[in-house]
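Read through the structure below, which is laid out as structure tokens, and then see the notes.
None of the figures in this text is laboratory data; all of them are computed from the coordinates on show. All of these numbers come straight from a predicted model, not from anything done at the bench. Virtual Cβ from ideal backbone geometry, glycine too; neighbours counted across all protein chains shown.
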Amino acid sequence: MKDPLRIFRVTDDKPGHQTQSSGLVAALSRQTKVVVTDVPALPSAAALSAWLTGRLPRAMATSETHSDYNAKDRLVVCCGHATHLTALAARRAWGGHLLALMRPSLPVWLFDLVVAPRHDELPEGGRITLTEGALNPLTAEGAHSQDLGLILIGGPSRHHDWDKTQMLQQVMAIAKTQPEVHWTLTTSRRTPPTTAAALSALELPNLEVMPLMRTGPGWVGRQLAASGSAWISEDSVSMIYEGLTAGVRVGLLTVPLRDGGGGRAARGLDALLRAERVVRFLPEGSVPILQQHPPLAEADRIARTVLCRWFPERLTMDAV
């Protein structure tokens, strides 16, 4: 095959959106040769003008966009409302197919394919393909030692309140119930300082608290690859799906809901609980045993869908 698949990844400044698009790009790269160009989203007015006129700003006319790459070997990927207009302009200017991750703010028919989490509740079929949770770049590779466990703590969010005492009780119960497991705990940007301080003050011989500022990019992925199980606060929905993708046994730490419920993401977690892919910690009972399940591989599945749909000649025998 002479030319690689040319991927233009339109990005905004939100790490969660970049994680999703990088997950798909990584999965495509495992199945075919790709060359990737990141395209920062234009301001809305400039992006709309570029889409309507078919003329992109000169700064976006890089050598990778020239005609030496066949338009049929091009894929534009975007994720997040701020990327949509730039992605539409890029497809008009450069050709190829346009794939949007997550529920778009514009009509679905403007995109060649929309890939959205099932909890977004879009009707599957035609231009819409649904996934179990948001895509991510993790795989199930790793040692997954049963002697190592990970605890990931989030914090208050739009749909979740917070109970410091309840969270501390859950963490202590997990560490004391499985003294043979070395537990590593980290917090997030949303964790209240009082909770972070209380967790750091716990004196449990098998619990290591790693401050967020000491983790760095990719730390959670490396820890999931090394660990056999993970307890994740249920407000951290993307982390829960990352744990399932990494192939670890996943439990949910209970976090109180705000009035009005947890929204679409909470309904997605309810589906995981009904399917028994995860279990929820119940503070009034004993610590539940986490079960092993086949890992999610949604990014790889969507990559195969993309290749089957538009680039069937690129499918390897193993990817069919």
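Laid out as a table, the results:
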read-out: Ranking of 195, 187 by count of other Cβ atoms within 10 Å, fewest first; value: 195, 187
read-out: Per-residue [θ]222 nm for the chain (sum of -39500 (n - 2.57) over DSSP H runs n ≥ 4, rounded to 500); value: -9500 deg cm²/dmol
read-out: Mean Cβ neighbour count within 10 Å, used as a protection proxy, ranking 156-163, 14-21 highest first; value: 14-21, 156-163
read-out: Highest to lowest packing among 203-211, 250-258, scored as the average C-beta count within 10 Å; value: 250-258, 203-211
read-out: Neighbour-count ranking [beta-carbon atoms within 10 angstrom, fewest first] of 102, 60, 172, 213; value: 213, 172, 60, 102
read-out: When the convex hull of its Cα atoms is projected in every direction, mean area for the stretch 169-213 (nm²); value: 3.1
read-out: Ranked packing of 230-238, 217-225, most packed first, by mean Cβ within 10 Å; value: 230-238, 217-225
read-out: Fewest-first ranking of 42, 48, using other Cβ atoms within 10 Å as the exposure measure; value: 48, 42
read-out: Principal-axis tilt of helix 84-94 within the chain, Cα atoms, nearest 10 degrees; value: 40
read-out: Stokes-Einstein D (µm²/s) once Rh is taken as the Kirkwood radius of the stretch 145-280 over alpha-carbon pairs, at 10 °C in 1.306 mPa s; value: 106
read-out: Unit charges on C-beta of K, R, D, E only; dipole of the chain, Debye; value: 960
read-out: Debye log10 I(q)/I(0) at q = 0.06, 0.13, 0.16 Å⁻¹ for the chain, Cα point scatterers; value: -0.24, -0.97, -1.28
read-out: Rounded tilt (10° steps) of 237-246 against the dominant C-alpha axis of the chain; value: 90
read-out: Between 0 and 90°, nearest 10: helix 164-177 axis offset from the chain longest Cα axis; value: 70
read-out: Sparsely packed GluC sites (Glu not before Pro) within the stretch 266-320, loop by DSSP, other Cβ within 10 Å at most 12; value: 276, 284
